[in-house]
Amino acid sequence: MERCRQFAWDWVAEIFVRNLVLMFIVAGGLHLYLYTFNKQANERQYDARPLGKNKRVFTFNNQVFDNMFWTCVSGVTIWSGYEALMMWSMANGYVPALPEANHFGWVALLIFLIPIWETFYFYLVHRLLHWPPLYKLVHSLHHRNTNIGPWSGLSMHPVEHLLYLGSVMIHFIIPANPLIIIYHLQYFTLSAATTHTGYEGLVFSKRNYLPLGTFHHQMHHRYFECNYGGLEIPWDHWFGSFHDGTEASHKDFLNRRMQQQAKNQKRN
Ligand SMILES: [Zn+2]
Ligand SMILES: [Zn+2]
């Protein structure tokens with residue numbers, strides 16, 4: 001915190017390098033295991049289509065290179081930028097400190113509450129990003145990926161990184177300590193890699209596996225106008241945008257889409 005009182009290249013660069021290494025360990029590790037070495041073949045994979053190669057829609061015509069580029073160059077930079085901003089703000093007293101009394105209890109409470117806040121925030125921003133002008137300009141970059149891999153999670157337009165990771169600025173109001181800030185940002189960024197693996201989980205034996213991506217978000221990449229949120233809180237149920245992959249739910253989805261298209265045509 002002493003060092004963070006003034007912006008300086010050395011500590012900001014340390015944050016950037018640490019975040020880049022973390023992203024390579026999580027997204028890179030999962031990609032090597034599941035795709036490069038194909039350790040699990042198609043077991044618990046949602047979509048057996050290979051990741052895109054020689055496709056002009058992707059930067060460098062290659063899905064993995066495209067995803068790595070946007071994740072590292074824009075994603076990790078903006079993530080580290082927010083982290084540096086919050087550390088500097090905390091060191092200078094602009095972020096309210098956690099109460100000294102029952103400090104550990106407050107940390108535990110925030111670790112529990114931050115994911116709830118994030119899924120709510122994510123749902124709102126995600127719906128906003130599907131507003132046609134913003135979708136075209138910004139969010140379509142993430143949706144190049146109709147089939148997804150670990151590097152797709154944080155592969156977004158810089159404006160989308162700025163919006164999503166801006167959720168950490170809630171700590172200009174809600175008290176925090178450095179650990180909470182780091183956790184808040186890592187929760188968002190690293191879990192983007194684990195929820196976009198394209199696999200339901202890592203298989204260890206016939207019965208045991210570590211859950212990873214959700215079918216819920218895989219469906220969002222397949223059909224776009226459904227499943228905007230996560231599963232932690234059923235926002236999609238409440239706002240009528242839920243799709244669970246069953247035939248009945250797909251019919252509902254097609255009806256909703258037809259109604260929306262009719263509305264748009266009327267407007268035009
Ligand atoms: Zn996604
Ligand atoms: Zn989307």
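The values are calculated or read from the model by the stated rules, or taken from the named source; none is laboratory data. Since the model is a prediction, treat every value here as computed from it, not as a measurement. Virtual Cβ from ideal backbone geometry, glycine too; neighbours counted across all protein chains shown.
What to note about this one:
- Across segment 186-222, the qualifying residues are those that are of a type in the set (S, T, N, Q) and either more than 11 Å from ligand 1 (Cβ to nearest atom) or modelled with pLDDT under 85 (or both), and the one among them that is surrounded by the fewest Cβ atoms within 10 Å (Cβ to Cβ) is Ser205.
- On inspection, Glu2 fails the criterion of being farther than 24 Å from Pro211 by Cα and either hydroxyl-bearing (Ser, Thr, Tyr) or free of Cβ contacts under 8 Å to residues at least 12 places away in the same chain (or both).
Results for (1) more than 16 Å from ligand 2 (Cβ to nearest atom); (2) polar (S, T, N, Q); (3) within 26 Å of Val138 (Cα to Cα), shown as yes or no for each residue.
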residue: Thr189; (1), (2), (3): yes, yes, yes
residue: Phe204; (1), (2), (3): yes, no, no
residue: Leu210; (1), (2), (3): yes, no, no
residue: Thr214; (1), (2), (3): no, yes, yes
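- Of all residues in segment 124-171, those satisfying the criterion of being touching a residue at least 60 places away in the same chain (Cβ under 8 Å), in a helix (DSSP H, G or I) and within 11 Å of ligand 2 (Cβ to nearest atom) are His126, Arg127, Leu141, His143.
- Reported count of residues in segment 147-185, each being aromatic (Phe, Trp, Tyr) and either surrounded by 22 or more Cβ atoms within 10 Å (Cβ to Cβ) or within 16 Å of ligand 1 (Cβ to nearest atom) (or both), is 2.
- Residue among Gly213, Gly230 that alone is out of contact with any Pro (no Cβ under 8 Å at 6 or more places or on another chain), of a type outside the set (Val, Ile, Thr) and under 14 Å from Arg127 (Cα atoms): Gly230
- Contact map, segment 215-242: residues that are under 19 Å from Glu118 (Cα atoms) paired with residues that are among the hydrophobic types (A, V, I, L, M, F, W, C) and modelled with pLDDT under 85, Cβ distance under 7 Å, separation 6+ or inter-chain. Pairs shown: His216/Leu231.
- Residue count for segment 1-50, restricted to those that are of a type in the set (Lys, Arg), on the phi < 0 side of the Ramachandran plot and not in a helix (DSSP H, G or I): 2.
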